[in-house]
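Structure record follows, encoded as structure tokens.
Bear in mind these aren't lab numbers, they're just calculated from the coordinates by the rules spelled out. Note that the structure is predicted; figures quoted are calculated from it, not measured. Here the Cβ positions follow ideal geometry from the backbone for every residue, glycine too, while neighbour counts run over all protein chains shown.
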Amino acid sequence: MPGRELVGLRVAITAFFALDGFIFSGWVVRIPDIKHQTHASAGALGLALLGVSAGAVLTMTMTGRLCRRYGSHPVTVVCMAVLALSVALPPLTRSVAALGAVLLLFGAAYGGVNVAFNSAAVDLVAAVRRPIMPSFHAAFSLGGMVGAGLGGLVAGHLSPTRHLLGITVVGLLVTAVAGRALLRYEPPAADRARPPAAGEDPAPRGGRRGLVVVFGLVALCTAYGEGAMADWGALHLKQDLTASAGTAAAGYACFTLAMTIGRLTGSALLARLGRARTVIAGGSVATAGMLLGSLAPSLWAALAGFAVTGLGLANLFPVAVERAGALAGPSGVAVASTLGYGGMLLGPPTIGFMADWFSLPTALTSVAALAAVAAVIGVATRHVMNG
């Protein structure tokens, strides 16, 4: 594929990553309004929100096969169109059961598009032979920041119905434009499936499956931290360090901003250090940052710890997904993404149980422990990770 076509393909895939973050964050900022509208208790809302998780996990396990059969580009376009349409449905519900049903569809589309465009990105990374995977995940983070910021601005002026319908319109327009560009190109040929040549030492097929799971564990360790920070970071600052509501909210903002900056500079970092050293350094930095963020007695030290944690975790998920995809194609992406999403689901309730048993600061140190596990995996798989 000529260089100009590769650039066009990269722009189209980047647009889908950014749109995914924009749509998802737009939904998240209206959850309190939807809760009020459906008269849901906290527990009932939690059960309804499991629809997103259940739909995503179920679809992720199937999307790898769909990508192999139909191609990652058409699957990306179809799933994104469904995601854009389904985000307008929650404000139309009037019961928790109906909300859970539409969120199952929303989660299915979200899980499907994440596997599909990550598979497309893995193919492109293999074609350009440059570590550009973090740039796609940076686009997701930027899209999420824009969606959350815009949602905060319009929340007092637009009803959830109008706001999310507007997101649907934007989503369909971007999907039409970027999808037309994406469908114009065949995925670059990837040389994943060939058998190892004599003298080579890649992992055998069974070993590859095991390595895919190992890289999925890196994604899990990263996503566990993201989920924990989103749900518990602000509460820790407010409850344990007596921060104001505004300052407590700034804690997660520090984390996400640092993660975005880390991903924007991730390609340069990978080119300089390589994948293994990036994972080892990132896991180590995140471990130190989260120990500071969870155990520091000072509010400002905790905020600094949150930012350092975001920088450390920034590139672990992109590297894990890219390596899993390089080893096993869309199926590898599906496994790594499912494990990563499972980590995001596992983090918040695990932190909650540990906080009941011990304390919230102690519970948050589990984020540091899993970041350290990711670093250890980086050491143990450094030869394969750099392959």
Margin query: As an exercise, use a Förster radius of 45 Å and the Cβ-Cβ distance of GLN239 and THR61 to find the FRET efficiency, rounded to the nearest 0.05.
Written below: 0.75
Next item on the list: Please give the calculated 222 nm ellipticity per residue for the chain, where each DSSP H segment of at least 4 residues contributes -39500 (n - 2.57) and the sum is spread over every residue; nearest 500 deg cm²/dmol?
Entry: -29000 deg cm²/dmol
Notebook entry, point to check: Taking all pairs of different Cα atoms in the chain, averaging 1/r and flipping that mean, what Kirkwood radius in angstroms comes out?
Noted result: 21.0 Å
Margin query: Sort 294-304, 241-251, 275-285 by packing, meaning the average of other beta carbons within 10 Å per residue, with the highest value first.
Written below: 275-285, 294-304, 241-251
Next item on the list: Determine the sum of side-chain charges near SER159: Lys and Arg each +1, Asp and Glu each -1, restricted to other residues whose C-beta is under 15 angstrom from that of SER159.
Entry: +3
Checklist line | Residue-by-residue Karplus 3J(HN,Hα) for segment 242-254, coefficients 6.51, -1.76, 1.60, Hz, glycine and proline x | finding: 6, 6, 5, 4, x, 5, 4, 5, 5, x, 5, 4, 4
Next item on the list: Calculate, axis by axis, the spread of Cα positions in segment 14-159 along the three principal axes, and write the results as whole Å, longest axis first.
Entry: 51, 32, 22
Check: Got a sec to turn the phi values of segment 56-67 into Karplus ³J(HN,Hα) couplings, 6.51 cos²θ - 1.76 cosθ + 1.60 with θ = phi - 60°, whole Hz, x for Gly and Pro?
Finding: 5, 5, 4, 6, 4, 6, 9, 5, x, 5, 4, 5
Note to self: Just to check I understand the Karplus step: with θ = phi - 60° and J = 6.51 cos²θ - 1.76 cosθ + 1.60, what whole-Hz values come out for segment 363-371, glycine and proline as x?
What the structure shows: 4, 5, 5, 5, 4, 5, 4, 6, 4
